[in-house]
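Visitor: Got a structure for you, questions after.
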Amino acid sequence: MAPVTEPPPAARQAQGLQAQARDTLQRLADIERRLAAAEDQLAIYQLLMAYGPAADSGSDDVVLALHHQDAEYDSQLEMFRGGPAVAEMIASLPLHRDIMRGGSSHLATMPVVRIDGDKAYAVCHGQLLRYDKDADSFRVWRATAVVLEFSRTPDGWKIYRRANRLLDGSEASHQHMRAGLAAVGAVPAAGNAAP
């Protein structure tokens, strides 16, 4: 049997450096992937959180910029198709203008988000507070289950679909929220559900 010869020290050192370089490159790729995912999630938060101040200030230009050209917004009171239609709702819908003129605050809770390539899904609660001049305070006028879909475009993330359902205790409102939870992956798989 021929004796096994060790590679010279310089060759061993080169192999070690190559392994370290591969490990470093892999770690950098992992960090870049995680950073990109965090940036995507932050962009989605920004979109969702910008809607309320835009709605309350009548900033239809901002609402237009937040929405995809082909967006759909189902407020449960009315369906708006296309980003321009959503912006027009802010600009001129009599109900919205009356609410805004009386003092309003559109609020959203922190969403649960799932990103899947160039699509993202979110679910959260929404509230519309209206100012009561006589009481000098706000009251909750609507509390809703909000389910959203986002689309990545060349101009960044945009709201693609939004559907609100009044949390009135109905099975339909519960199913809407559950569908949103399923879209973000928060519903346990069959067989793993809590009793």
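Bear in mind these aren't lab numbers, they're just calculated from the coordinates by the rules spelled out. All figures in this text were calculated on a predicted structure; none of them were measured in a lab. When we count neighbours, we look across all protein chains shown, and the Cβ atoms used for this are built from the backbone with ideal geometry, even at glycine.
Visitor: Name the residues whose placed amide hydrogens come within less than 5 Å of the amide hydrogen of residue 132, ignoring near sequence neighbours (fewer than 5 apart) on the same chain.
Guide: Under 5 Å from the amide H of residue 132 lie the amide H atoms of 137, 138, 139, each far enough along the sequence or on another chain.
Visitor: If you average 1/r over all unlike Cα pairs in the range 1-82 and invert the result, what Kirkwood radius do you get in angstrom?
Guide: Roughly 18.1 Å, rounded to one decimal.
Visitor: Sticking with this one: Given the rule -39500 (n - 2.57) for each run of at least 4 DSSP H residues, summed and divided by the residues of the chain, what is its mean residue ellipticity at 222 nm, to the nearest 500 deg cm²/dmol?
Guide: -15000 deg cm²/dmol
Visitor: As a test of understanding, state the convex hull volume per residue of the range 1-44 from its alpha carbons, in Å³.
Guide: 54
Visitor: Right, something else. Mind putting a number on the dipole of the range 83-195 about its Cα centre? Charges go on the C-beta only, +1 for Lys and Arg and -1 for Asp and Glu, and I need it in Debye to the nearest 20.
Guide: Its charge dipole is roughly 80 debye.
Visitor: Roughly how many debye, to the nearest 20, is the charge dipole of the chain about its Cα centre, given +1 on each Lys and Arg Cβ, -1 on each Asp and Glu Cβ, and no other charges?
Guide: 380
Visitor: Got a sec? Charge dipole of the chain, +1 on Cβ for Lys and Arg, -1 for Asp and Glu; which of 188, 42, 175 is way out at the positive end?
Guide: It is 188, whose Cα lies furthest towards the positive end.
Visitor: What full-extension length gain, to one decimal in nm, is calculated for residue 88 and residue 5 as 0.36 nm per residue of separation minus the Cα-Cα distance?
Guide: 22.0 nm
Visitor: Given a Förster distance of 30 Å, report the FRET efficiency between residue 170 and residue 57 from their Cβ-Cβ distance, rounded to the nearest 0.05.
Guide: Given R0 = 30 Å and the Cβ-Cβ separation, E is 0.40.
Visitor: State the extension gain, in nm to one decimal, for the chain segment bounded by residue 125 and residue 187, taking 0.36 nm per residue of separation less the distance between their alpha-carbons.
Guide: The residue 125-residue 187 span can extend by a further 20.7 nm.
Visitor: Hey, with R₀ at 25 Å, roughly what FRET efficiency would residue 134 and residue 101 work out to, going by the Cβ-Cβ distance, to 0.05?
Guide: Once rounded, the FRET efficiency stands at 0.95.
Visitor: Show the residues, 5+ positions off or on another chain, whose built amide H is closer than 5 Å to the amide H of residue 76.
Guide: For residue 76, the qualifying residues are 164.
Visitor: How do 24, 5, 144 line up, fewest other C-beta atoms within 10 Å first?
Guide: Result, fewest neighbours first: 5, 24, 144.
Visitor: While we're looking at this one, here's another question. Could you check how many percent of all C-alpha pairs in the chain are farther apart than 21 Å?
Guide: For the chain, the share of Cα pairs beyond 21 Å comes to 61 percent.
Visitor: Subtract the Cα-Cα distance of residue 46 and residue 153 from 0.36 nm times their separation in residues, and report this length gain in nm to one decimal.
Guide: Full extension of this stretch gives 37.0 nm more.
Visitor: Going through the DSSP H helices of the chain, which span 27 Å or more along their own axis at the Cα atoms while scoring at least -1.0 as a mean Kyte-Doolittle hydropathy?
Guide: Result, helices passing both filters: 9-57.
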